[in-house]
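Student: Below is the structure I would like to discuss, written out as structure tokens.
The values are calculated or read from the model by the stated rules, or taken from the named source; none is laboratory data. If you're wondering where the values come from, they're calculated on a predicted model, not measured in any experiment. Neighbour counts are summed over all protein chains in view; Cβ atoms, including those assigned to glycine, are modelled from backbone coordinates with ideal geometry. Only protein heavy atoms, including side chains, enter the accessible area calculation; ligands, DNA and RNA are left aside. Shrake-Rupley method; radii C 1.70, N 1.55, O 1.52, S 1.80 Å.
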Amino acid sequence: RKAPWGNPAFSGMFLSLVMFGFLGGISGVVLGTEQINLIMHNTLYVPGHFHATVVAGTTLAFMAITYLVVPLIFRRELIWPKVAQWQPYVFGIGVAGISLFMMGAGTLGVSRRHWDITFSESLFTFDYPGTAFLMMGLNGICAILATVGGAMYVVVVVGSILFGKVRDEEIGRAHV
């Protein structure tokens with residue numbers, strides 16, 4: 001509870017660790033089991049796993065590192081610190097939802113290589129359970145949330161580089 005949860009670099013790295021390690025790790029172990037992989041491999045479970053590792057874990061880590069690098073390299077303060085504080089949580093919750101709901105839909109058999117899960121206008125009908133459609137809808141809502149978190153990141157980082165207050169603690173030492 002006493003950790004610096006308001007620091008976007010800390011919270012982003014912690015969320016990255018949790019998402020990559022737990023969501024990506026557990027789903028990777030599941031896919032690594034041959035008997036389960038035979039059933040799950042061609043479903044949305046696989047993109048859900050990769051969203052947990054690459055999108056959630058790796059992208060959040062790079063976002064967190066950026067919050068440390070911008071003040072060091074560009075010598076600028078972050079603009080809108082409250083937006084920066086909330087950004088890892090908004091993005092992290094969004095991509096965690098994407099990952100979990102894709103894996104849930106994959107568990108229900110939703111194909112990963114078909115553009116229309118309703119198979120409209122096909123010769124043969126196939127019906128997924130209603131829960132699969134719920135999972136896909138929740139996936140879409142979480143995708144919007146993750147997009148908002150990504151936009152928050154871009155606005156804070158680019159805005160900080162272009163318009164952030166110049167840090168001047170090093171100016172006096174340069175001429176000594």
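Student: Quick one: in segment 14-38, of everything that is out of contact with any helix residue (DSSP H, G or I) (no Cβ under 9 Å at 6 or more places or on another chain) and open to solvent by 80 Å² or more (accessible area, probe 1.4 Å), which residue is farthest from VAL154 (Cα to Cα)?
Tutor: GLN35
Student: Only one residue in PHE91, PHE101 is open to solvent by less than 60 Å² (accessible area, probe 1.4 Å) and either in contact with a Phe, Trp or Tyr (Cβ under 7 Å, 6 or more places away or on another chain) or free of Cβ contacts under 8 Å to residues at least 40 places away in the same chain (or both), so which one is that?
Tutor: Result: PHE91 is the single residue among PHE91, PHE101 that is open to solvent by less than 60 Å² (accessible area, probe 1.4 Å) and either in contact with a Phe, Trp or Tyr (Cβ under 7 Å, 6 or more places away or on another chain) or free of Cβ contacts under 8 Å to residues at least 40 places away in the same chain (or both).
Per-residue answers, yes or no, for (1) farther than 27 Å from GLY57 by Cα; (2) of a type outside the set (D, E, K, R):
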{"site": "PHE91", "(1), (2)": "no, yes"}
{"site": "ILE98", "(1), (2)": "no, yes"}
{"site": "ARG112", "(1), (2)": "no, no"}
{"site": "SER122", "(1), (2)": "yes, yes"}
{"site": "PHE126", "(1), (2)": "yes, yes"}
{"site": "PRO129", "(1), (2)": "yes, yes"}
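Student: Let me ask something else about it. Given the criteria farther than 15 Å from VAL154 by Cβ and in a helix (DSSP H, G or I), does ALA96 qualify? Let's see the steps before the verdict.
Tutor: Numbers: farther than 15 Å from VAL154 by Cβ: yes; in a helix (DSSP H, G or I): yes.
It is true that ALA96 is farther than 15 Å from VAL154 by Cβ and in a helix (DSSP H, G or I).
Student: Among the candidates LEU72, LEU134, LEU138, LEU123, which residue alone is surrounded by fewer than 18 Cβ atoms within 10 Å (Cβ to Cβ), more than 21 Å from the chain's Cα centre (by Cα) and part of a helix (DSSP H, G or I)?
Tutor: Among LEU72, LEU134, LEU138, LEU123, only LEU72 is surrounded by fewer than 18 Cβ atoms within 10 Å (Cβ to Cβ), more than 21 Å from the chain's Cα centre (by Cα) and part of a helix (DSSP H, G or I).
Student: Specify which of the listed residues (PHE62, PHE50, PHE10) is surrounded by 14 or more Cβ atoms within 10 Å (Cβ to Cβ) and free of Cβ contacts under 8 Å to residues at least 40 places away in the same chain.
Tutor: Exactly one of PHE62, PHE50, PHE10 is surrounded by 14 or more Cβ atoms within 10 Å (Cβ to Cβ) and free of Cβ contacts under 8 Å to residues at least 40 places away in the same chain, namely PHE50.
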